[in-house]
Amino acid sequence: MKHAFAAVLRLTLILCLMPVIVQAAPNGFQNHVFNGRAPVTQGGVVTFHVEDGDCSSRDYGDGRGESDCFNGNLRSRLAYRDHASLGQSLEYAMEIFVPAGFRYGGGPNRRSLLEVAEWQRINTIKNHIHTLHLDSVKGLTFDDTRCIPPSAFGQWNSVKVQVKWSAGDDGFLQVICNDTPVVSFRGQTAIPRDCGQPGVFQCVPDLQRVNQPVQFQVGILFRGYGERGRLDGLSRMGRVPPEGGFTVQMRNIRVSRIQVR
């Protein structure tokens with residue numbers, strides 16, 4: 001009995017002293033340079049989590065002197081290494097799990113301040129193209145269009161975005177949520193159709209540079225309350241995370257080339 005106990009004790013010590021194995025991010029993805037908290041990948045599932053204070057003080061480097069901490073942004077994201085350009089046809093796919101008990105009303109703006117995926121042009125400002133927003137009122141939305149209702153939280157849900165990036169009439173965009181198309185149109189896709197409309201932030205028509213590459217990002221970005229908000233006289237209401245923060249999980253995240261006819 002004594003020998004058995006000693007063997008169990010030795011095994012326990014060995015397991016405790018073993019290094020924690022951190023699994024690599026999904027193929028083609030890397031941690032976002034401005035993460036306040038890094039995502040964790042285990043068993044093919046990526047867990048994104050942020051709490052109050054999970055921001056990066058690293059300067060954006062675009063001459064504005066801003067950072068996530070200054071702006072109040074909490075971030076835990078993966079960025080796709082390969083960038084898209086005009087003429088490319090791609091499918092962006094993922095499965096997303098939002099906890100059944102998730103509660104956040106979305107904040108004071110037209111679209112929720114909690115974002116879980118984004119397409120934006122790099123090396124530019126105010127060139128954000130499309131975003132997946134999340135709240136417990138509208139659910140998961142692609143810009144303003146509902147993709148997944150709140151009633152589907154607590155289970156895995158599929159999201160596919162098929163797009164041919166184009167500044168002309170040959171563009172194509174289709175958003176498929178749980179095998180149901182919710183957005184589908186042909187035409188110019190390089191600039192979102194509602195760019196510059198009231199309540200659509202981070203997209204200024206006069207600043208659009210359509211020849212710049214498009215980057216795909218997944219994971220949490222919460223546009224909360226920081227020094228920028230205080231200087232602008234904004235209310236903290238809806239701009240601070242709930243106790244315990246936000247958690248979202250994803251799996252089967254991939255980007256692949258497709259043929260658009």
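The values are calculated or read from the model by the stated rules, or taken from the named source; none is laboratory data. As the structure is a prediction and not an experimental result, all values here were calculated from the model. Note that each Cβ is placed from the backbone with ideal geometry, even for glycine, and that neighbours are counted across all protein chains shown. Surface accessibility is based on the protein's heavy atoms, side chains included, excluding ligands, DNA and RNA. Shrake-Rupley method; radii C 1.70, N 1.55, O 1.52, S 1.80 Å.
Okay, here's what the table says:
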read-out: Members of segment 155-167 found to be assigned to a loop (DSSP other than H, G, I, E, B) and either hydroxyl-bearing (Ser, Thr, Tyr) or in contact with a Gly (Cβ under 8 Å, 6 or more places away or on another chain) (or both), listed by number; value: Trp165, Ser166
read-out: Residue ranges of strands (runs of 3 or more DSSP E) in segment 61-135 with at least 1 members at pLDDT 95 or above and of a type in the set (Asp, Glu); value: 89-97, 114-121, 128-135
read-out: Subset of segment 147-176 [touching a strand residue (DSSP E or B) at 6+ places or on another chain (Cβ under 6 Å), more than 14 Å from Phe97 (Cα to Cα) and open to solvent by 60 Å² or more (accessible area, probe 1.4 Å)]; value: Lys160
read-out: Extreme residue, nearest to the chain's Cα centre (by Cα), among residues of segment 212-237 that are assigned to a loop (DSSP other than H, G, I, E, B) and free of Cβ contacts under 8 Å to residues at least 24 places away in the same chain; value: Arg236
read-out: Hey, Asn71 of a type outside the set (Gly, Ala, Ser) and either closer than 30 Å to Asp232 by Cα or touching a helix residue (DSSP H, G or I) at 6+ places or on another chain (Cβ under 8 Å) (or both) or not; value: yes
read-out: Matching residues, segment 177-191, being surrounded by fewer than 19 Cβ atoms within 10 Å (Cβ to Cβ), among the β-branched types (Val, Ile, Thr) and touching a Ser or Thr at 6+ places or on another chain (Cβ under 8 Å); value: Val182, Val183
read-out: Some residue of segment 198-205 being in contact with a Gly (Cβ under 6 Å, 6 or more places away or on another chain) and exposed (fewer than 14 other Cβ atoms within 10 Å of the Cβ); value: yes
read-out: Residue in segment 130-149 that is touching a residue at least 60 places away in the same chain (Cβ under 8 Å) and within 16 Å of the chain's Cα centre (by Cα) present; value: yes
read-out: Lone qualifier among Ser158, Ser112, Ser151, Ser89 - being under 24 Å from Ala24 (Cα atoms), out of contact with any Ser or Thr (no Cβ under 7 Å at 6 or more places or on another chain) and of a type in the set (S, T, N, Q); value: Ser158
read-out: Qualifying residue in segment 61-72 (condition: in contact with a Lys or Arg (Cβ under 9 Å, 6 or more places away or on another chain), open to solvent by less than 30 Å² (accessible area, probe 1.4 Å), on the phi > 0 side of the Ramachandran plot and not basic (Lys, Arg)); value: yes
read-out: Test: residue in segment 238-251 that is acidic (Asp, Glu), under 18 Å from Arg75 (Cα atoms), part of a loop (DSSP other than H, G, I, E, B) and free of Cβ contacts under 8 Å to residues at least 40 places away in the same chain; value: yes
